[in-house]
Amino acid sequence: MFTVDQLRQMFLEFFQEKGHKILPSASLIPKGDPTLLLTGAGMVPFKPYFLGKKVPEHRMVTTCQRCLRTADLDQVGVTARHGTFFEMLGNFSFGAYFKKEAIAWAWEFVTERLEIPREKLWITIYLDDDEAFEIWNREIGVPEDRIVRLGKEDNFWEIGVGPCGPCSEIHIDRGPGHGCGREDCSVACDCDRFLEFWNLVFIQFFQDEEGNYHPLAQKGIDTGMGLERIAAIMQGKESIFEIDNMREIASFVEGLASKENPVSVRVITDHMRAATFLASDGVIPSNEGRGYVMRRLIRRSIRHGKLLGIEGLFLGKLAEKIIHVMATGYSELLTRQDKIVSVLVQEEERFAATLATGLERLEELMAACQNKEISGEDAFKLYDTYGFPLELTSEIAKERGYTVDEAGFAQAMEEQRQRARSARTKTGYLDNEAGIYAELVNQNGITSKFTGYENAKGKGRVLAIIKDGEAVEEAGPGELELILDETPFYAESGGQVADQGTIGNGQIRFQVKAVRSPVENLIVHRGVLEEGIVTVGDELVAEIDTARRSANCRNHTATHLLHAALRKVLGEHVEQAGSLVAPDYLRFDFKHFKAMTQEEIEQVERKVNDLISENHPVQAEEMSHDEALDSGAVALFTEKYGDVVRVVSIPGVSAELCGGTHAEHTGQLGFFKITSESSIAAGVRRIEAVTGKAATLKVQEEARLLREMAQKLNASPQDALEKLAQVLEREQELARKLETLEARLMAQKAKQLAAEAEDIQGVKVVAAEVDSDAAAMKLLADGLREELGSGIALLGSRKGGKAIFLALATADLVERVHAGKLIKQVAAVAGGGGGGRPDLAQAGGKNPEKVPEALEKGREEIEKLLRG
Ligand code: SER
């Protein structure tokens, strides 16, 4: 049997032998081609060469191109042959050769390499293409009645604006058993009997935007053979979903499922292959263009996952499986694996959250619906609010006998676009939010002063109150924003999170949740007024949560120490790329081109902890920007600093421009521990760390873990590692022993079964139920083959709650009893399918209680065959 990977290889190598250059598959995103959304054929990357607009490096090339076609999206899964993603094998000539060679080579590959019998092949050509007819008939020797002339619909290939021409297709006749059975069934029929598998396009014209054809100066060849389709033919499979690589993915999906539904398995197999490749090519799910195609594919997969009873997130592991299966042809999948998985999982998480609520809403809508039609407006709301693509709503509705007003949906969508457009022009894109605050500063001259470097508590007068986005004079309990003339509250900035705390007096109590500075010189406290009525002009006391602030201070100082330590250990190229200072941990992103080694991480930890125990003072000073740079302060990012800047320095250690709050002495940090080191972008690393009590807890937790592991191993923590190595070695040894024992056991069992073999027409026949899993059964079969010398065996088992069967025939008997055909009949009794080689076949079934019946039926069948 040819696997998909082998067929791909054979094809490319065949054309390489004929002088073609093998090129890698291009991206699914067509480069520099605004007329196409996605790469849907092998010739797409070569359009400029066919048109003579660009000169190719090679005039004869061959590729296996990843393709995506979404026209038949709704048919995927319903039929056995529709898919969105597929691989297309092709050979191309840009003015090098034409019909004669293209036809001859295709014929050679099909009949001599793939060895498809000539009498099964049919050819179609374009109506008046006598040249093609002559070549097929005279030069190749295909009989006249096997060459069928068809019209433009079938035998003229075009893809919108671009190169095009008449084509000739090679079809295989799979026999009357596969088709519609009509008397006039022919190669022109749409049924499954005659399957087109290779399209040879004779590129001769250029089609313009108006649909006019212009002859091209240079003629070309573009051929395309669907890899999945030819694999199905070569592997004798009815469906592209049964070929080796697709089956592997489909089986993985089945393994996740708790319900049976072949349509859903096929939808997920196809769609997620497509989505995995889209992610690999850099497409991100969105509401437009390719992103929308991707979103639909992912969301349909998730919904079909629900139909299969799959619990929880599954796209990540499925993508890993797909990457693994497809990696032979596309090794870039492996290097992009992390990115692919994270893009898919993010979309899955996003959708999972909205799907549940959306489904509920759709149920309500259907229940409330009078005429079994969901209005366009409702469908749009589902789309807008719950992320339900229209197609998904329609699909669910259709399953339940409802329809959706799709025209109404389109209208609602357009109306929203209009609204968004006018909203943008009115307020200026994204300026909306700053609007009210800018007004307060510019028109009312309001500013607030930050007093929090020195104080944790202080009086402030209410200058403005904002409720629901508007300035008000007074407000009662509820969510509000307050602006004071003076405040100790630190507004989120420079990576440091905001303070929390309270603002109030005897009667008023306002809980501060977030503090921002949306425009310069304005500090906005957002929170909840729990008690009282607040009025502009009120004198209140603002007080921050000092425990939280101290933690922020410690962690902020820690980032400066970490920065200094990294420059010492890794080198001066280390530059801060971002940071987060929170009370419970800190994050520091920096430029460095490779992962840190464990040794480097430990060195940095030691360096920071040394700086902590040396208890350096931390000082802040305001000075002019130039003075700061002269003093050697590290300027972060490329931010524009005001004339006067603040420099935070730890003399002898570091000096940075920084507006944050800090510990007074490094000793206050207590202890510093890195918890992770990772990559966030090319050349940018991220360290996460903890200080103070959190760091102590972290170390204690790790020590506890080690102690508990050691205890389980019955060793001291010092000896645990060695003990573990021993345990693992012992485990391997046991596994080996177990294998030997099992083999011996099976050999004995084989002997016993062979001794009890029945004699049918002079042939030894074993038909027995055994208590073994599939692997043991295989061993048993090996034993039986030996013991019987010549004979037939049929085994069944119910191990693991499933029916498993194995059939074998020794070489001298395969003509009389074909194990593959036998097993197919046997497995069918237990609700299964399968097949296999004439001498050995395995199959499963979902009804274990039918095993005895199936074996009985198998025995009868063997008897019939032997007597027959
Ligand atoms: N472009 C043609 C097709 O897609 C042949 O490659 O069928």
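The values are calculated or read from the model by the stated rules, or taken from the named source; none is laboratory data. Model, not experiment: these values are computed from the prediction. Cβ sites come from the backbone with ideal geometry, for glycine too, and all protein chains shown count toward neighbours. We work out accessible area using only protein heavy atoms, side chains counted, and drop any ligands, DNA or RNA first. Shrake-Rupley method; radii C 1.70, N 1.55, O 1.52, S 1.80 Å.
Within this structure, GLN16 passes the test of being closer than 21 Å to TYR330 by Cβ, away from the ligand (no atom under 16 Å from the Cβ) and in contact with a strand residue (DSSP E or B) (Cβ under 6 Å, 6 or more places away or on another chain).
Candidates ALA710, ALA695, ALA703, ALA689: the one that is part of a helix (DSSP H, G or I) and under 14 Å from ALA558 (Cβ atoms) is ALA695. Just to be sure, is PHE194 aromatic (Phe, Trp, Tyr) and either free of Cβ contacts under 8 Å to residues at least 12 places away in the same chain or open to solvent by 20 Å² or more (accessible area, probe 1.4 Å) (or both)? Criteria not met by PHE194. The single condition from (1) at pLDDT below 95; (2) in contact with an Asp or Glu (Cβ under 6 Å, 6 or more places away or on another chain) that VAL765 fails is (1). Restricting attention to the stretch 521-550, the residues that are modelled with pLDDT of 95 or more, of a type in the set (Asp, Glu) and in a strand (DSSP E or B) add up to 2. Within the stretch 156-172, restricting attention to residues that are within 9 Å of ASN199 (Cβ to Cβ) and not hydrophobic (A, V, I, L, M, F, W, C), the residue that is nearest to the ligand (Cβ to nearest atom) is GLU169.
The helices (runs of 4 or more DSSP H) found wholly in the stretch 306-390 and carrying at least 1 residues that are within 21 Å of ARG266 (Cα to Cα) occupy 315-326, 337-368. I'd like the full set of residues that are among the aliphatic types (A, V, I, L, M), within 16 Å of the ligand (Cβ to nearest atom) and closer than 16 Å to TYR126 by Cα, limited to the stretch 187-212. Once the filter is applied, which keeps residues that are among the aliphatic types (A, V, I, L, M), within 16 Å of the ligand (Cβ to nearest atom) and closer than 16 Å to TYR126 by Cα, the stretch 187-212 yields LEU200, VAL201, ILE203.
Of the residues making up the stretch 136-167, those that are closer than 14 Å to GLN204 by Cα and either touching a residue at least 40 places away in the same chain (Cβ under 8 Å) or out of contact with any Ser or Thr (no Cβ under 9 Å at 6 or more places or on another chain) (or both) number 11. All conditions in (1) in contact with a helix residue (DSSP H, G or I) (Cβ under 9 Å, 6 or more places away or on another chain); (2) open to solvent by 20 Å² or more (accessible area, probe 1.4 Å); (3) away from the ligand (no atom under 16 Å from the Cβ) hold for LEU216, with the sole exception of (3). If you go through the stretch 463-511 and pick out every residue that is buried (at least 19 other Cβ atoms within 10 Å of the Cβ) and without any contact (Cβ under 8 Å) to a residue 24 or more places away in the chain, you end up with 1. Among residues of the stretch 109-121 that are farther than 16 Å from LYS18 by Cβ, those with a beta-carbon under 6 Å from a residue that is open to solvent by 10 Å² or more (accessible area, probe 1.4 Å) and assigned to a helix (DSSP H, G or I) at least six positions away or on a different chain give the pairs ARG118/THR111.
Taking the stretch 571-681 as the region of interest, the strands (runs of 3 or more DSSP E) fully inside it that hold 2 or more residues being open to solvent by 30 Å² or more (accessible area, probe 1.4 Å) are 576-581, 586-591, 619-624, 644-650, 672-681. Among the residues of the stretch 16-69, those that are in a strand (DSSP E or B) and within 19 Å of PHE94 (Cα to Cα) comprise LYS21, ILE22, LEU23, MET60, VAL61, THR62, THR63, CYS64, GLN65. The residues of the stretch 138-166 that are open to solvent by 30 Å² or more (accessible area, probe 1.4 Å), closer than 19 Å to SER186 by Cα and more than 41 Å from the chain's Cα centre (by Cα), listed by number, are PRO143, GLU144, ASP145, ARG146, VAL148, ARG149. Residue count for the stretch 67-91 satisfying the condition of being open to solvent by 10 Å² or more (accessible area, probe 1.4 Å) and either within 13 Å of the ligand (Cβ to nearest atom) or not aliphatic (A, V, I, L, M) (or both): 12.
In this structure, LYS99 does not satisfy being modelled with pLDDT under 95, charged (D, E, K, R) and either surrounded by 17 or more Cβ atoms within 10 Å (Cβ to Cβ) or more than 15 Å from the ligand (Cβ to nearest atom) (or both).
Note on the stretch 217-298: enclosed helices (runs of 4 or more DSSP H) holding 2 or more residues that are of a type in the set (S, T, N, Q) are 244-256, 262-280.
Within the stretch 251-263, residues that are in contact (Cβ under 8 Å) with a residue 40 or more places away in the chain sit with their Cβ atoms under 7 Å from residues that are in a loop (DSSP other than H, G, I, E, B) and open to solvent by 80 Å² or more (accessible area, probe 1.4 Å), at 6+ positions apart or across chains, in these pairs: VAL263/VAL78. SER258 meets the stated requirement of being among the small types (Gly, Ala, Ser) and over 18 Å from the mean Cα position of the chain (by Cα).
All conditions but one from (1) modelled with pLDDT under 95; (2) more than 26 Å from PHE94 (Cα to Cα); (3) away from the ligand (no atom under 16 Å from the Cβ) apply to TRP122; the one that does not is (1).
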